[in-house]
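Colleague: First the structure, which I've put down as structure tokens, then a few questions once you've had a look.
Any read-out appearing in this document is the output of simple, stated calculations on the displayed coordinates, not a laboratory observation. All figures in this text were calculated on a predicted structure; none of them were measured in a lab. No Cβ is skipped: glycine too gets one built from the backbone with ideal geometry, and neighbour counts run over all protein chains shown.
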């Protein structure tokens, strides 16, 4: 059994990313708005506009500095990256406030009524409070993501470590029946079983596989089922347009194909066709697995495998990924839409492996 995953240090947010910059800008704008509203009868809309401009400029300056220094900050132990980021905000705010007060005096705008030191001090105090609050928010969000990653890894490992007993028993019976009749086919079946077991039990710590590897695994699984079901199982593949190097969590498609065989082909005396279709559509690939609908649902289906696939896809690819499933024209269809990695950025979700 794999030892428990120790608590990992929470990574600093990517201050170059648009969501983080947007969060900082909104927080700064809200702070400027609160200060403006607190002025009561002395509100000055032009001053408010300049204040929003000043805050936006200040946030962008802090974002650039923290973005450039994120790598060395992240190497600090424990919670020191967040403390160092908070301390870096103070001189940036002080310098920006000093420059803003000097410009106000030089241009005779009279937007700042306080003295230079008081203006710098007040801005540093506001920045210290807001900076601590927002860094605390980023820290809690990072901790939540780490906990979610640990839970999802545990779920993925549980799925990968599970081989359905009925499939194992059926496969071994097939091997036993083939040994006196066709030893070569029996040997190939044992090799296919070994590959399936290796994927299910031994490779989940290596991160993602590729679509090509998963399709090769599907071929081995279907070869075993073909020996057992014979002509009742017919497979149609249209997968040539898919990139074989597309990063894919291991054993993502195999449970779906197994469900298609178990619930769509096995209950039918005449069998049926399992169709595997894949196309590249813009910035994503689409994979569709379809099987015939039997007159009555097969016993033992509870939807856990499909739910697990949905969670793994959402965790690995984010909100742009889509998993849909349901009856369609007399067949049960499972469709996956998975976004392609951004060019020039590699796989941006390396924390999810």
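Colleague: With an 8 Å cut-off on Cα pairs and a minimum separation of 6 or more residues, tell me the relative contact order of the stretch 18-145 in percent.
Modeller: Computed value for the stretch 18-145: 23 percent relative contact order.
Colleague: Using Cα centres only, tell me the gap between the stretch 118-136 and the stretch 78-101 in whole Å.
Modeller: So the two Cα centres are separated by 9 Å.
Colleague: Just report the Cα centroid separation between the stretch 209-258 and the stretch 314-339, whole Å.
Modeller: 17
Colleague: As a footprinting exposure proxy, order 191, 214 by other Cβ within 10 Å, with the fewest listed first.
Modeller: 191, 214
Colleague: With each label point set 7 Å from Cα along the Cα-Cβ vector, what nm distance links residue 219 and residue 34?
Modeller: Result for the modelled spin labels: 6.2 nm.
Colleague: Right, something else. Pulled fully out, how much extra length does the chain show between residue 270 and residue 320, if you take 0.36 nm times their separation in residues and subtract their Cα-Cα distance?
Modeller: 14.1 nm
Colleague: If each residue of separation counts as 0.36 nm, what is the full-extension length gain between residue 283 and residue 90 once their alpha-carbon separation is subtracted?
Modeller: 65.3 nm
Colleague: Restricting everything to alpha-carbon atoms, can you work out Rg to Rh for the stretch 18-145 with a Kirkwood hydrodynamic radius?
Modeller: Values: Rg = 15.6 Å, Rh = 15.6 Å.
With Rg and the Kirkwood Rh in hand, the quotient comes to 1.00.
Colleague: Nearest 0.05, what FRET efficiency do residue 105 and residue 49 give at R0 = 22 Å with Cβ-Cβ as r?
Modeller: Given R0 = 22 Å and the Cβ-Cβ separation, E is 0.70.
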